[in-house]
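Peer 1: Here it is, the structure, as structure tokens.
Every number here is computed from the coordinates shown, using simple stated rules; none is lab data. The model shown is predicted, which means the values in this text are computed figures rather than measured ones. Glycine gets a Cβ as well: all are built from the backbone with ideal geometry, and neighbour counts include every protein chain shown.
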Amino acid sequence: MDESAFVTAFGPVYELSPWVAQAAFTKRPFATVTALHQALADAFADGGTARQIKFFHDLSDLGDKSALPAAVSTQSRSEQAVSGVASLDPTDQALLMALNKAYRARFDIAFTICVRRNSPARIFSEFTRRIDNSLETELAISLQEQFYITRIRIAEIVSGPGVPAVYGDVTAHVLNAMMGAPAEGVAVEINQLWGARSRKVGTAVTTADGRAILLSGLPLPIGRYELRFAIGDYFRKAGAVASDRKPFLDIVPIRFFIARPEESYHFPLIAAPYGYSIHG
């Protein structure tokens, strides 16, 4: 690519700031996709504090539905939609706008967080945790969050050697303890938890080998989750429980916390009509 083509392709990676791609262009060639991303990150870091503050000041506020189209990139709108930030209920939306206002009043920059790596509950908690930081600390955190945001963007638009690891996965494996064999046909769902609320984010049915993929091909947002195994329905259909009787076990829930969005989480469940165990 010549400089014009390079800036056209990678200018949007750093929100509405083609100067970052222009600076990174001089570092070519890049041996890996990771090297390309690092060159962009270095260019942004080397831009100086004043330029960084202007960048974060000019960003639209997170979840601001009134932001003009020219002020928010297509990537940002898509990322916020996937994360759930763009579809908050009116109460949470009002709280988000109040948090944005308070953050701007304190730092005069936009709150920055990689929404694809954080659940809505985590985003709200980070707002309240970070509001007491110094501007210097917030700039450092914002730089790191931009690194995460742009790393995902680069990994999704560039193929080649050395693509950075940006995705995790959640899988399960169910064994029928009565038969000593994989349990095929168990419905499983995964819910993201936020206080007393839950949001379904994935479903699957175990295959012939008892396995199910709940989440894959995306960063796993940091936060609390619950897996729900429909064990009662499975054993009823298998004839282990009379069809006219309620099973002793119905839904088997497993709650856990995801802290590392790029890792794999696997949950092997051994189940019978009257008991189960989970093995990490």
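Peer 1: Mind listing which GluC sites (Glu not before Pro) in the range 1-98 are in a DSSP loop and have 11 or fewer other Cβ atoms within 10 Å?
Peer 2: Working: sites: 3, 15, 79; in loops: 15.
Those that pass, being in a loop and sparsely packed, number zero.
Peer 1: Could you calculate the FRET efficiency of residue 125 with residue 98 from 1/(1 + (r/R0)^6), where r is the beta carbon distance between them and R0 is 22 Å, rounded to 0.05?
Peer 2: On the way: r = 15 Å, r/R0 = 0.68.
Working from the Cβ atoms, E equals 0.90.
Peer 1: Could you calculate the FRET efficiency of residue 136 with residue 31 from 1/(1 + (r/R0)^6), where r is the beta carbon distance between them and R0 is 30 Å, rounded to 0.05?
Peer 2: On the way: r = 34 Å, r/R0 = 1.12.
Once rounded, the FRET efficiency stands at 0.35.
Peer 1: Right, next: Rounded to the nearest 0.05, what FRET efficiency do residue 19 and residue 108 have when you use their Cβ-Cβ distance and R0 = 30 Å? List each step's numbers first, then the result.
Peer 2: On the way: r = 21 Å, r/R0 = 0.69.
Step by step, r from the Cβ atoms, then E = 0.90.
Peer 1: Ok, one more. Stretched out fully, how many nm does the piece from residue 66 to residue 9 gain, at 0.36 nm a residue minus the Cα gap?
Peer 2: Numbers: separation 57, 0.36 × 57 = 20.52 nm, distance 2.73 nm.
Full extension from residue 66 to residue 9 adds 17.8 nm.
Peer 1: Which GluC sites (Glu not before Pro) from the range 145-235 combine a DSSP loop assignment with at most 12 other Cβ atoms within 10 Å?
Peer 2: On the way: sites: 145, 156, 184, 189, 226; in loops: 184.
Sparse-neighbourhood loop GluC sites (Glu not before Pro): none present.
Peer 1: OK, next. Give the Rg (one decimal place) followed by the Dmax (whole number) of the range 6-127, computed from C-alpha coordinates and expressed in Å.
Peer 2: So, for the range 6-127, Rg and Dmax equal 15.7, 49 Å respectively.
Peer 1: Same structure again: Work out the charge dipole of the chain with +1 on the Cβ of Lys and Arg and -1 on the Cβ of Asp and Glu about the Cα centre, then indicate which of 60, 150, 208 is farthest towards its positive end.
Peer 2: Ranked along the dipole, the leading option is 208.
Peer 1: In whole Å and largest first, what semi-axes does the C-alpha gyration tensor of the range 168-278 yield when each eigenvalue is scaled by 5 and square-rooted? Could the numbers behind the result be given before it?
Peer 2: Numbers: eigenvalues 133, 46, 23 Å².
Square roots of five times the eigenvalues give 26, 15, 11 Å.
Peer 1: Which whole-number percent is the relative contact order of the chain (Cα, under 8 Å, 6+ apart)? Please list the in-between numbers first.
Peer 2: Details: 461 pairs, mean separation 43.5, N = 280.
Reported relative contact order: 16 percent.
Peer 1: Need the full-extension length gain, residue 274 to residue 226, defined as separation in residues times 0.36 nm minus the C-alpha distance. One decimal, nm. Could the numbers behind the result be given before it?
Peer 2: Values: separation 48, 0.36 × 48 = 17.28 nm, distance 2.08 nm.
Here the segment from residue 274 to residue 226 would lengthen by 15.2 nm.
Peer 1: Still on this structure: Helix-derived [θ] at 222 nm for the chain: sum -39500 (n - 2.57) over DSSP H runs of at least 4, divide by residue count, nearest 500?
Peer 2: My calculation for the chain gives -12000 deg cm²/dmol from helical runs alone.
Peer 1: Could you tell me what % of all Cα pairs in the chain have separations over 24 Å? Numbers along the way, then the final one.
Peer 2: Details: 22740 of 39060 pairs.
Looking at the chain, the distances longer than 24 Å represent 58 percent of pairs.
Peer 1: Here's something else I'd like to know. Could you tell me the extents of the range 93-221's C-alpha atoms along the three principal axes, largest first, rounded to whole Å?
Peer 2: Here the spans come out as 62, 44, 20 Å, largest first.
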